[in-house]
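Data first, discussion second: the structure below is written as structure tokens.
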Amino acid sequence: MFADTPLVMVEDIATLKKVARTLSKAPAIGVDTEGDSFYSYREKVCLLQISDLHTDFVIDPLAVSDLSCLGPIMADRDIVKIFHGADYDVVCMKRDFGFEVRNLFDTMLASQLTNLPRVGLADIIGQFFGHTIEKKYQRHDWSKRPLYPEHIDYARGDSHWLPALREILIRRLQDVGRTHILDEECEILEERTWVGKPFDPDTFYDMKGARGLSDDDFRILRHLYVYRDQEAQKLNRPVFKTISDKDLIAVAQAKPTNLHQLDDALPGRQGLKRRHAQNLLDLVQNGLHDDTPLPAKKKKAAPAARKTPARLRGKAADRGFELLKSWRNKLMKSTADLPHAALISNGGLKEIVRARPATLEEFRAVDGVRNWQANEYGETIVALLADFDENA
């Protein structure tokens, strides 16, 4: 499967330091992570796979708690770090290990920019190397030990092919003249950070389906919401796998006082009721007898201040957006090999219309606009907006 490529399992600090010395001399390394987001209350990186041109390394962070010797390698601008769909991996490694990744190459973005029909890693590996990746381990609980050979083979496969895949995609990017787009997009990916927040007991208002509940419903829901989080922590399970929002809201609205009424509120949820029935009934009573004021509903955070002032709003901005969307659609039809990744998204077009830049310099200053977008489309869009009659 992996020809004669050696595999090194890293489960102690001495081996990790030797591996770090080896990787520090590599010109490029493939990197991937496996986590336990579907199985733990707080997700974590459970495996870190790194491949250079000669060896696959599978590093176990559950056995080696200090991975700091890899930090300088991830930050080294002379070593290319190759990921497929880097966003999640970069964020998780920054969160768990404090790694800053520099000189990143994302093979998924490169595949999109070269207009490959399928951009999933398994599809691309199958296309270029004829190897089939077993997808059944995509949702495996990577926090479980021991790891069996089939788990190791799956994990190393996600990094093993990346250095060779990069070589193929570099040539394809050069052929279509889009290397500069990938470079800029990868620099943006390097700055991604974890946005997870600690549990806030007052966010029960934000639950899906909670709009329109009565104050009595909300008082019960508040108790149920805190209980669910406590249970999730105790069981080390994701919140959504403990009790769903839908079930909590059903109980808050039905206000059951006995098991028969709870059955009516949660039909068919036998496992849930076996584990939580009496607690749910007690919490309903706690909520009904809770006369403490409900917390004020939190206002949505104001959007971050924009660099560029708004020159178009309302219906005029809507018509300006349709103008630019029509231009983009015509461009796609007239250029057969132009992928979506080499264009400007709807959100980007709306921001441009809002700012209505009158010069190329103003276009470059619009929030979210990339340099490559300004270079390739800036003058055309500025001209379109100059002719746009906002009062028509």
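The values are calculated or read from the model by the stated rules, or taken from the named source; none is laboratory data. In this text, all values refer to a predicted model and were calculated from it rather than measured experimentally. Backbone-built Cβ (ideal geometry, glycine too); neighbour counts: all protein chains shown.
Among residues of the range 167-203 being polar (S, T, N, Q) and assigned to a helix (DSSP H, G or I), the one that is surrounded by the most Cβ atoms within 10 Å (Cβ to Cβ) is Thr179. Within the range 214-238, the set of residues being within 22 Å of Lys273 (Cβ to Cβ) and in a loop (DSSP other than H, G, I, E, B) comprises Asn236, Arg237, Pro238.
If you check Leu294, Leu281 for being of a type in the set (A, V, I, L, M, F, W, C), assigned to a loop (DSSP other than H, G, I, E, B) and not assigned by TED's automatic domain parsing to the domain that holds Ile352, only one passes: Leu294. Of all residues in the range 97-120, exactly one satisfies the criterion of being over 21 Å from Glu187 (Cα atoms) and within 16 Å of the chain's Cα centre (by Cα), namely Gly120. Cβ-Cβ distance below 6 Å, separation of 6 or more or different chains: which pairs start in the range 239-256 with a residue that is closer than 12 Å to Leu288 by Cα and end on one that is of a type in the set (Ser, Thr, Tyr)? Pairs found: none.
Checked against (1) within 21 Å of Ala155 (Cβ to Cβ); (2) modelled with pLDDT of 95 or more, Arg102 passes all but a single condition, namely (1). Of the helices (runs of 4 or more DSSP H) entirely within the range 315-392, those holding at least 3 residues that are under 31 Å from the mean Cα position of the chain (by Cα), surrounded by 19 or more Cβ atoms within 10 Å (Cβ to Cβ) and modelled with pLDDT of 95 or more occupy 346-355, 371-386.
Scanning the range 232-258 for residues that are within 26 Å of the chain's Cα centre (by Cα), closer than 18 Å to Asp200 by Cβ and of a type outside the set (S, T, N, Q) yields a total of 6. If you go through the range 11-20 one residue at a time, do you hit one that is of a type outside the set (Gly, Ala, Ser) and under 22 Å from Met108 (Cα atoms)? Among the residues of the range 11-20, not one is of a type outside the set (Gly, Ala, Ser) and under 22 Å from Met108 (Cα atoms), which makes the answer no. Candidates in the range 342-392 are the residues that are in contact with a helix residue (DSSP H, G or I) (Cβ under 7 Å, 6 or more places away or on another chain) and of a type in the set (Phe, Trp, Tyr); of these, the one that is farthest from Gly314 (Cα to Cα) is Trp372.
Filtering the range 239-270 to residues that are part of a helix (DSSP H, G or I), β-branched (Val, Ile, Thr) and in contact with a helix residue (DSSP H, G or I) (Cβ under 6 Å, 6 or more places away or on another chain) leaves Val239, Thr242, Val251.
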